[in-house]
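The values are calculated or read from the model by the stated rules, or taken from the named source; none is laboratory data. A quick note: this is a predicted structure, and the numbers were derived from the prediction, not measured. Cβ: placed from backbone, ideal geometry, glycine included. Neighbour counts: every protein chain shown.
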Amino acid sequence: MRTALTVVTCLALATTAHAGNELSIGSTDRALRSASADAVTGDSYTGGQLGVAHELHLALPGVSLWATGALQWGGAKGTLFDLAADVSQSSYLVGGRARYAIIPHVDATAHLQVGVAHTSLALTDAMSREVSDAGWGGIAEGAVGLELLAIQQPSFTLGLRLELGYVAAAPVALAGKSQHPDDGTLRLQMTQASLGRLDLSGPVAGLAAVSRF
């Protein structure tokens, strides 16, 4: 019995001796540089990010490769034609990350992710009347950065990741649609005013807490 318990313990330690999964949570700040975004808001796009990753065991000297998935969300506020503007976007991405240990407790990292984004724009006048629209489009993100690791053990790592990169978002065509309460009243379909194509591309900075286990 003692021998069997010893074998089981050794196997358990062997399977948990290396941190092959990752969870991260943090914030992002994107500088909106397109003409369509400048027409809506002068603010940066700020929001949050939640990421997961799993290490791919490929034989590359000094470099570890990870498959990644991420959820990002955020928005910005501004003014368009004397109307209060509210821009928001949620993104769903998959991709890969490379990591290289520079010195103990400091890693260099780079990632590339692609996916889809849901972009919405709402305009509200002084009488609280609102027009809005939303649509889906493609999105891609690439960044490089550093990880500062307070805890760096074979089975557990905890630290901060700082990244700088660029987000390329496909412009989304939007049209102003009046929002009415659903009170059962039948209304005639009215012509919708085009709001153009909204492009939320721009340089991005991200800060996240990272844990590998």
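Some values worked out for this structure:
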read-out	value
Single unsatisfied condition, Glu130 versus (1) surrounded by 13 or more Cβ atoms within 10 Å (Cβ to Cβ); (2) under 25 Å from the mean Cα position of the chain (by Cα); (3) more than 25 Å from Arg33 (Cα to Cα)	(2)
Hey, Ala126 at pLDDT below 95, hydrophobic (A, V, I, L, M, F, W, C) and over 20 Å from Gly51 (Cα atoms) or not	yes
Cβ pairs under 7 Å, 6+ apart, first in the stretch 25-51 and closer than 18 Å to Glu163 by Cβ, second at pLDDT 95 or above and among the basic types (Lys, Arg)	Ser44/Arg30; Tyr45/Arg30
Residue among Gly96, Gly165, Gly138, Gly115 that is surrounded by fewer than 16 Cβ atoms within 10 Å (Cβ to Cβ) and either in contact with a Gly (Cβ under 8 Å, 6 or more places away or on another chain) or free of Cβ contacts under 8 Å to residues at least 12 places away in the same chain (or both)	Gly138
Unique match (being within 17 Å of the chain's Cα centre (by Cα) and assigned to a strand (DSSP E or B)) among Leu121, Leu93	Leu93
Residue identified as at positive phi, of a type in the set (Gly, Ala, Ser) and either surrounded by fewer than 15 Cβ atoms within 10 Å (Cβ to Cβ) or at pLDDT 90 or above (or both) among Gly42, Gly62, Gly48	Gly62
Selection from the stretch 43-80 of residues that are among the aliphatic types (A, V, I, L, M), under 19 Å from Ala108 (Cβ atoms) and outside any strand (DSSP E or B)	Leu58, Leu60
Test for Ser90: is it within 20 Å of Val40 (Cβ to Cβ), surrounded by 15 or more Cβ atoms within 10 Å (Cβ to Cβ) and modelled with pLDDT of 95 or more	yes
Criterion (modelled with pLDDT of 95 or more and among the polar types (S, T, N, Q)) met by exactly one of Ser155, Ser211, Ser194, Ser178	Ser211
